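Okay, structure first, notes after.
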Amino acid sequence: MKPTLFVLAAGMGSRYGGLKQLDGLGPHGETIMDYSIYDAIHAGFGKIVFVIRKDFEQDFREKILSKYEGHIPVEVVFQSITDLPEGYTCPEDRTKPWGTNHAVLMGKNAIKEPFAVINADDFYGRNAFEVIAKELSRPRDRKGDYCMVGFRVGNTMTENGSVARGVCSTKDGNLESVVERTAISYDKEGRIVFTDENGTEQTLDPATPVSMNLWGFTPDYFDYSEREFRRFLDRYINTPKSEFFIPLAIDTLIKSGEASVKVLDTDSKWFGVTYAADRPGVVEKFAQLHADGTYPEKLF
């Protein structure tokens, strides 16, 4: 059974502005998503499922989905802040989406096979899709047998400001914990640094694995996630800016022993448009990847 690629495309890029998902960055107006879909097809994925906002649907179908017809089956599901488990009602003052793991829950009825989760506006690189497709394609005999691609933090930086990354601790190749660090940047000496919760500056080795939200799950993850989302709502439903992130659920499942997460290494170099100033550099990188033959003249 070929794995499915689940693309989280419901968000707005608040730091960059506008719908990054529709921004043409390649030589022929390709979006970052186009490269992810192209790499996923060639890595052996069999279907694409997008989660988007309902009000984004018409533009999305016309400008994005039409390109993939004839290349790979595609489905669309929708994320809404009012889509909560039975017995819960969204507070009237809630405007912020419920987070990445809520978005994942929206795929429950569309995905019945092993699947990878990615952000729509991150470039992950071909090797990242190859390693996770291979891992998702192997037989499994138990629930909670998951994986993630651990990017080397030195391959995920921008020169134009700080980045947020899930810094991973591992043991015997499996994930022990993910700690979200919201302001990782280069210092004046070119070291990769962040400030911890005690206000102390910490240095990261460039090879430190970080999560770029490239996860691999089996369908049992939906049931675990719904249970954990209920627990989250019991505590935070009236906290307007609370979000149910994937690492929050994963951390709980690892600690309870219900899941293990294999950390897959990749030499892929991430890039994306975190800030408006990143855009020219990304355009230049895509042009070079076409020029050197990594990608054909036109993807679709």
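The values are calculated or read from the model by the stated rules, or taken from the named source; none is laboratory data. Everything quoted here is computed from the prediction, not taken from an experiment. As a convention, Cβ positions derive from the backbone with ideal geometry for all residues, glycine included, and neighbour counts pool all protein chains shown.
Numbers below:
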| item | result |
| --- | --- |
| Residue match in the stretch 225-245 (condition: within 30 Å of Glu30 (Cα to Cα) and at pLDDT below 95) | yes |
| Count of residues meeting criterion [loosely packed, with under 13 Cβ neighbours inside 10 Å and either in contact with a Ser or Thr (Cβ under 6 Å, 6 or more places away or on another chain) or aliphatic (A, V, I, L, M) (or both)] in the stretch 173-229 | 3 |
| Of residues in the stretch 65-101 being charged (D, E, K, R) and within 20 Å of the chain's Cα centre (by Cα), the one surrounded by the fewest Cβ atoms within 10 Å (Cβ to Cβ) | Lys96 |
| Count of the stretch 230-270 residues which are more than 16 Å from Pro97 (Cα to Cα), of a type in the set (A, V, I, L, M, F, W, C), outside any loop (DSSP other than H, G, I, E, B) and more than 16 Å from the chain's Cα centre (by Cα) | 2 |
| Conditions (1) crowded, with 18+ Cβ neighbours inside 10 Å; (2) at pLDDT 85 or above; (3) in a loop (DSSP other than H, G, I, E, B); number of the one not met by His28 | (1) |
| Only listed residue being of a type in the set (Val, Ile, Thr) and modelled with pLDDT under 95, chosen from Thr82, Thr95, Thr89 | Thr95 |
| Residue list for the stretch 1-25, restricted to those being under 29 Å from Glu135 (Cα atoms) and either at pLDDT below 95 or buried (at least 18 other Cβ atoms within 10 Å of the Cβ) (or both) | Met1, Pro3, Thr4, Leu5, Phe6, Val7, Leu8, Ala9, Ala10, Gly11, Gln21 |
| Lone qualifier among Ala128, Ala116 - being in a strand (DSSP E or B) and buried (at least 23 other Cβ atoms within 10 Å of the Cβ) | Ala116 |
